[in-house]
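Written below as structure tokens is the structure these notes are about.
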Amino acid sequence: MEFKDYYKVMGVARDATEAQIKQAYRKLARKYHPDVSKEKDAEARFKELGEAYEVLKSPEKRAAYDQLGQGPRPGENFTPPPDWGAGFEFSGAGNADYSDFFESLFGAAGGRGRRSQRGFDTGRGGAERGQDHHAKIMLDLEASLHGGPRTFTLRVPEIDAQGRLVSKDRVLNVQVPKGILPGQTIRLAAQGASAGAEGTAGDLFIEVEFQPHALYRVDGRDLYLELPVAPWEAALGATVKTPTPGGAVDLKIPVGSHAGTKLRLKGRGIPASTPGDFYVVLQIALPAASDEQAKAAYRAMADALPFNPRASLGV
Amino acid sequence: MESDQQGSLSGEIFEEYAVLSVDELSRLCAVDRTYIVELVEEGVLNIVELDAGVVQVDASVWRFPGSALRRARTALRLQRDLEINLPGVALALELLEELEELRRELKVGR
């Protein structure tokens with residue numbers, strides 16, 4: 001098991017005051033809150049932070065933790081000492097999803113009064129209806145464009161026969177509804193927690209976000225592609241191959257196009273009763289002047305075209 | 001949840017069909033209904049206007065679009081995790097939306 005340096009996690013000294021710890025927590029919590037932060041590991045950081053704060057804000061837990069000294073170096077294997085925790089009383093743990101390290105010291109939070117990972121997921125009046133579960137998934141854009149089956153693995157906290165909190169992987173095959181957008185939710189009826197023999201199971205709500213796409217950017221239902229064209233294709237017009245969600249098409253570049261010219265392929269965005277559009281934004285790509293022939297061509301162009309690209313700047 | 005592997009499940013897009021009463025929304029968020037009422041009063045949640053311009057004072061006739069669920073849950077998380085009060089939550093949500101919008105424009109306009 002990995003030793004966790006909670007002081008390091010919170011960025012405070014080992015002799016930090018309660019006020020300093022609280023302040024550090026507030027500051028880092030705002031920074032790494034998964035609803036606020038765009039950083040990839042925000043969720044993990046936030047969880048780790050919550051765990052560190054849970055220990056350091058409680059004088060009992062902190063004192064017990066301090067007894068471990070510096071522990072082994074972070075990352076080294078750690079086993080709690082045999083007399084660990086003697087004389088301390090831990091109660092009222094608030095969060096379900098602690099690390100193994102935390103649980104070896106303070107125990108998995110007991111069943112009562114414990115909140116699930118997201119805190120307020122806990123169902124009410126549980127006898128007749130199981131609690132709803134909420135999950136978040138990253139979806140590829142193609143799943144929304146075409147609909148179809150996708151497989152997801154969700155981590156589900158459960159209480160096992162010994163009353164311990166365990167995390168179980170649950171594999172779900174889901175038919176992704178065509179046209180779903182980031183920020184929307186797939187509701188799977190009766191796929192939440194079961195309610196025993198009598199009641200109905202809760203629902204599973206899956207919040208959808210999109211993975212960044214290699215070619216397209218998403219804005220609402222519209223898709224954007226940056227398409228590089230040669231200077232002469234833009235100036236003289238051309239028909240060029242362009243990828244679209246429905247496959248490659250021949251796209252007509254109008255005469256006199258320039259960098260930033262936006263061409264619209266109507267209705268080729270994300271499907272819906274009024275589907276989004278597909279926009280091609282032109283970029284001018286310059287051939288490298290890498291050999292004598294190319295240099296000569298550029299010189300010929302400079303001679304032939306009286307052109308000041310900075311005319312609008314007044315110079 | 002007895003089986004780990006199961007057949008293919010289909011679900012619909014919640015936001016496209018769901019219309020929620022205040023009680024349904026509070027049940028889905030597992031909070032007391034007064035909390036949902038507070039979110040409406042603070043302007044964090046918008047109700048569907050049945051009659052344009054008519055202010056519905058009685059919470060029991062309120063109807064919420066499906067998108068209110070995610071918004072309410074985010075508000076709850078922010079309030080609980082960061083210990084901010086309701087006006088603070090409302091401000092944070094507005095700023096987050098603005099940020100999201102700007103990020104999108106930045107990507108699209110590039």
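Laboratory data are not the source of any read-out in this text; all were calculated from the coordinates shown. In this text, all values refer to a predicted model and were calculated from it rather than measured experimentally. As a convention, Cβ positions derive from the backbone with ideal geometry for all residues, glycine included, and neighbour counts pool all protein chains shown.
A few notes on this one:
- Per-residue mean of C-beta atoms belonging to partner chains within 10 Å, peptide B:27-35: 3
- Overall Cα dimensions of region A:216-304 - principal axes, largest extent first, Å: 54, 22, 20
- Counting only aspartates and glutamates at least 8 places from A:Lys40 when in the same chain, those with an alpha carbon closer than 18 Å to its own are A:Glu48, A:Asp140, A:Glu207, A:Glu209, B:Glu100.
- Among the listed pairs A:Lys178/A:Lys266; A:Lys38/A:Lys136; A:Lys136/A:Lys266, those beyond 25 Å (Cα-Cα): A:Lys136/A:Lys266
- The local environment of A:Pro271, defined by Cβ-Cβ distances under 10 Å, has a net charge of +3 under the rule Lys, Arg +1 and Asp, Glu -1.
- Per-residue Cβ neighbour rank within 10 angstrom, fewest leading, A:Glu103, B:Glu49, A:Glu54: B:Glu49, A:Glu103, A:Glu54
- Which of A:His133, A:His213 has the fewest Cβ neighbours within 10 Å, and the rest in rising order: A:His213, A:His133
- Separation of alpha-carbon centers, region A:287-315 and region A:1-53, rounded to whole Å: 56
- Under 26 Å of direct C-alpha separation, and excluding same-chain neighbours fewer than eight residues apart, A:Lys61 reaches these lysines: A:Lys4, A:Lys8, A:Lys22, A:Lys27, A:Lys31, A:Lys47.
- Global form of chain B, assessed from the alpha-carbon gyration tensor, a/c cut-off 1.5: rounded
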